[in-house]
Amino acid sequence: MDLQAVPEPVFDRMVELRRSFHRHPELAFEEEHTAELIIRELGTIGIPCEYGGKGTGVIGKLYTGNDRPTIALRADMDALPGAENTDLPFASTIDGKMHACGHDAHMSMVLGAAYLLSESPPDINICFVFQPAEERGGGARTVLASGALDDITAIFGGHVTHHYRVGEMMVADGVITAQSDRFSIHVRGKGGHGARPHEAADAVVTTGLLITALQTLVSREVDPVHPSVVTIGRVEAGTAPNVIAETATLEGSIRTTLPDVRDHIHEGIRRMARGLGELHNVSLDVQIDEGYPPVVNTSREAQLAYRAARSVVGEKGLMQLDHPSMGAEDFSYYLERIPGCYVRFGARSDNMKYIPLHSPSFDIDEGVLRVGAAFFDQVVRDAVFEYPEPGK
């Protein structure tokens, strides 16, 4: 599909929608205004939808009414906490909230595809999934638990990024993003006067040693060819400069791409905590919370997405995946149950400087909306030939 086949009125409407979403960001499980706008837009297109209320997904259905397979297209609805610093004329109007991860673009792309597919419906069932709480809370699980995707044959989604320019896409088979886990360690020693350390068991000293020791789990215990990260993101301890702290708390995250590496790091954290507790006569309580699984594209659907992307951006626009992203994405929950593919859309123009996702300055070249809508449209049309009607 040629990008120019996305009619200007459809592209203009996608831009309007994206800017409206951007002005009114809502956090995880709070996407009420966002859902209302999506429902109205689907109604304008003539696509019926299901909505269970605030905190749930909006599911649009363009069904042929026959026994054909069903293809799902997914967009995430939630924004992030944070103050926007873009100076855009359509910047966030809500203090402390902004679309710093491009979900405003994702919703507009899928709505654009809905326009294109409704104008000339292919002989296949289509499900448009607008999901809450990708950033926090794993809203994909809410959609799956609702049963709305029980009959889905394959699912496709994607994410904008400044790693690539507009007109470039990344499509790959296998592992795309990392497993994400979080941990907290509570250290309890014995408080005392700063002038008499021999009478105390210093939680701060133990915490400092633990921070350094945990980095060796990756640098000295994991094969360098297996990407992994242990990050300490928060430390809290102490009440006064001349008081030896009795307690301290560390919080961090673990990113891995292989189950064996993940298990080793989990056990390594517990092992080091036990050892330092014994060494410094303090107690350390470790809690590890399982996060999003890795995104693992299935081969058949990755090939289907690759062909669709090539039709949209051409051979030169297809980018290689050198290594999985260490970020996390709850599209992984869909892929644990449904075959599918998660792609990347280049969102940076030649004159834009690179800005990472989640930055208060993050913005996109809106030309990526045309690419996304064209891709989602094309992958559904190609799926007609990939998944024949049962019995044929």
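The values are calculated or read from the model by the stated rules, or taken from the named source; none is laboratory data. Here the structure is a predicted model, which is why all the values come from computation and not from measurement. So basically every Cβ, Gly included, is an ideal-geometry build from the backbone, and we count neighbours across all protein chains shown.
The figures follow:
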read-out	value
Matching entry among Ala100, Ala28, Ala83 (being in contact with a Pro (Cβ under 8 Å, 6 or more places away or on another chain) and either surrounded by fewer than 15 Cβ atoms within 10 Å (Cβ to Cβ) or outside the structural domain of Asp150 (by TED's automatic domain parsing) (or both))	Ala83
Filter result for Ile47 (more than 25 Å from the chain's Cα centre (by Cα), assigned by TED's automatic domain parsing to the domain that holds Ala140 and either crowded, with 17+ Cβ neighbours inside 10 Å or assigned to a strand (DSSP E or B) (or both))	yes
Test: residue in region 33-40 that is under 18 Å from Leu73 (Cα atoms) and among the acidic types (Asp, Glu)	no
Subset of region 108-141 that is of a type in the set (Ser, Thr, Tyr) and surrounded by 20 or more Cβ atoms within 10 Å (Cβ to Cβ) - its residue that is nearest to Leu37 (Cα to Cα)	Ser108
Residues satisfying the stated conditions in region 50-70, i.e. buried (at least 16 other Cβ atoms within 10 Å of the Cβ), more than 22 Å from the chain's Cα centre (by Cα) and not in a strand (DSSP E or B)	Arg68, Pro69
Lone unmet requirement of (1) touching a strand residue (DSSP E or B) at 6+ places or on another chain (Cβ under 8 Å); (2) buried (at least 18 other Cβ atoms within 10 Å of the Cβ); (3) of a type outside the set (Val, Ile, Thr) for Arg310	(2)
Number of positions in region 242-286 that are of a type in the set (S, T, N, Q) and either assigned by TED's automatic domain parsing to the domain that holds Val171 or touching a helix residue (DSSP H, G or I) at 6+ places or on another chain (Cβ under 6 Å) (or both)	3
Residues located in region 176-209, provided they are in a strand (DSSP E or B) and surrounded by fewer than 19 Cβ atoms within 10 Å (Cβ to Cβ)	Arg182, Ser184, His186, Arg188, Lys190, Gly192, His193
Qualifying positions in region 21-57 - touching a residue at least 24 places away in the same chain (Cβ under 8 Å) and small (Gly, Ala, Ser)	Ala28, Ala35, Gly46, Gly52, Gly55, Gly57
Test set (1) surrounded by fewer than 17 Cβ atoms within 10 Å (Cβ to Cβ); (2) assigned to a helix (DSSP H, G or I) - Asp289 fails condition number	(2)
Residue within region 227-243 that is within 30 Å of Gly112 (Cα to Cα), hydrophobic (A, V, I, L, M, F, W, C) and in a loop (DSSP other than H, G, I, E, B) present	no
Among residues of region 215-251, those that are within 29 Å of the chain's Cα centre (by Cα) and either surrounded by fewer than 20 Cβ atoms within 10 Å (Cβ to Cβ) or aromatic (Phe, Trp, Tyr) (or both), counted	18
Hits in region 176-214 (condition: more than 21 Å from Glu278 (Cα to Cα) and within 39 Å of the chain's Cα centre (by Cα))	Ile176, Thr177, Ala178, Gln179, Ser180, Asp181, Arg182
Single residue of Glu301, Glu278, Glu290 found to be among the acidic types (Asp, Glu), farther than 27 Å from Gln215 by Cβ and either in contact with a strand residue (DSSP E or B) (Cβ under 6 Å, 6 or more places away or on another chain) or modelled with pLDDT of 95 or more (or both)	Glu301
Flag if Glu251 is in contact (Cβ under 8 Å) with a residue 60 or more places away in the chain, over 17 Å from Pro324 (Cα atoms) and either of a type in the set (D, E, K, R) or in contact with a Cys (Cβ under 7 Å, 6 or more places away or on another chain) (or both)	yes
Single condition Leu73 does not satisfy, out of (1) surrounded by 24 or more Cβ atoms within 10 Å (Cβ to Cβ); (2) on the phi > 0 side of the Ramachandran plot	(2)
